[in-house]
Amino acid sequence: MGKENDKKADKMTNKKENVKGKKYDKFAIWSFVFAVIGILSMLLSFIYVSIMGLKTFNGFILFLYSVLVGIVLTIILDLISIILGIISLRRIKNNPNIKGRILALMGLFISSITTIFLIIDFIINKF
């Protein structure tokens, strides 16, 4: 009975040491951050479009500028996030001392969904 408890205690300390020794992959963190900023950029540009609309010629220029900046920024951030997420997943797979797989996957997922949403929006609205 005492030996079993000792083995369990050894396993627990080994797990704690492994968790403490692991660090998050920077690429995974940045993949997630860029994905969140990208989706916020897209949402803010769409909110601006729905609130401002097309009021005047100057409003049209501001509208066009904000939409293009929002969409271009979103696409660039999403592409960066996807690239960093793929690099991070490969690094995590090759090195067991790195963690952050969930962050990399979330970055890939959010960026992919945002990019697909933009493509569908372009097709529907023919913008």
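The values are calculated or read from the model by the stated rules, or taken from the named source; none is laboratory data. In this text, all values refer to a predicted model and were calculated from it rather than measured experimentally. Methodologically, a virtual Cβ is constructed for each residue, glycine included, from the backbone with ideal geometry; neighbour enumeration extends over all protein chains shown.
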### Task
Could you check how many residues of the stretch 81-105 are surrounded by 18 or more Cβ atoms within 10 Å (Cβ to Cβ) and either assigned to a helix (DSSP H, G or I) or acidic (D, E) (or both)?
9
### Summary
Pairs returned, first residue in the stretch 93-109 that is touching a residue at least 24 places away in the same chain (Cβ under 8 Å), second residue that is surrounded by fewer than 18 Cβ atoms within 10 Å (Cβ to Cβ) and assigned to a loop (DSSP other than H, G, I, E, B), beta-carbon separation under 7 angstrom, 6 or more apart or interchain, are N97/K22; I98/K22; K99/K22
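Could you pull out the residue among F63, F109, F57 that is modelled with pLDDT under 95, surrounded by fewer than 16 Cβ atoms within 10 Å (Cβ to Cβ) and not polar (S, T, N, Q)?
F57
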